[in-house]
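See below for the structure under consideration.
The values are calculated or read from the model by the stated rules, or taken from the named source; none is laboratory data. Note that the structure is a prediction, hence the values are computed from the model and not measured. Positions of Cβ are backbone-derived with ideal geometry, glycine not excepted, and every protein chain shown enters the neighbour counts. We work out accessible area using only protein heavy atoms, side chains counted, and drop any ligands, DNA or RNA first. Shrake-Rupley method; radii C 1.70, N 1.55, O 1.52, S 1.80 Å.
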Amino acid sequence: TRLMSQWRFHSTSDGRISWIEDRDNPTRRSWIVNFALPYTSITEDYALVSHAVDPSTGRPIIVVAGVSGYGTMAAAEFVTDAAEIREIEKLAPPNWERKGFQLVLKTNVIGKSPGPPHVVASQFW
């Protein structure tokens, strides 16, 4: 939590609506899920994939979390798919595997399943 509090992208909620907030543009609310509506009415979801090295242990930390369960499922599939890892390589600087990064993913919900996720924002450091 200490490390995540410093990251650019993070999830937040007002109780009914949850979204991924961008610290660089906090008024933007493009990546939002309205939980005031029935869960079955969700048509798109968002997720964060975050990677960093914990400065106190030197070990990597990977956080995969969706705004709703659909986003979490899509993000989990994303980080375990070799083709998606190649997509990260197209966005990333050299040696990205040893650096910190965050990806914001979007997935369309089809029926009761998340569709393929797409990167809509990223930051590497």
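With respect to being free of Cβ contacts under 8 Å to residues at least 40 places away in the same chain, within 27 Å of D14 (Cβ to Cβ) and in contact with a helix residue (DSSP H, G or I) (Cβ under 7 Å, 6 or more places away or on another chain), V49 falls outside the description. Could you look through segment 70-104, keep only residues that are open to solvent by 30 Å² or more (accessible area, probe 1.4 Å) and under 13 Å from D45 (Cβ atoms), and pick out the one that is nearest to the chain's Cα centre (by Cα)? Looking at the filtered set, the residue picked out is T72. Of the residues making up segment 49-65, those that are of a type in the set (A, V, I, L, M, F, W, C), closer than 20 Å to A92 by Cα and surrounded by 13 or more Cβ atoms within 10 Å (Cβ to Cβ) are V49, A52, V53, I61, V63, V64. Among residues of segment 1-37 being within 14 Å of the chain's Cα centre (by Cα) and aromatic (F, W, Y), the one that is surrounded by the most Cβ atoms within 10 Å (Cβ to Cβ) is W31.
Filtering T107, T40 for residues that are open to solvent by less than 70 Å² (accessible area, probe 1.4 Å) and more than 22 Å from W125 (Cα to Cα) leaves a single hit, T107.
Rundown of residues vs (1) out of contact with any Ser or Thr (no Cβ under 7 Å at 6 or more places or on another chain); (2) assigned to a strand (DSSP E or B), yes/no style:
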site: S5; (1), (2): yes, no
site: S11; (1), (2): no, yes
site: L37; (1), (2): yes, no
site: Y46; (1), (2): yes, yes
site: V49; (1), (2): yes, yes
site: V63; (1), (2): no, yes
site: A76; (1), (2): yes, no
site: K90; (1), (2): yes, no
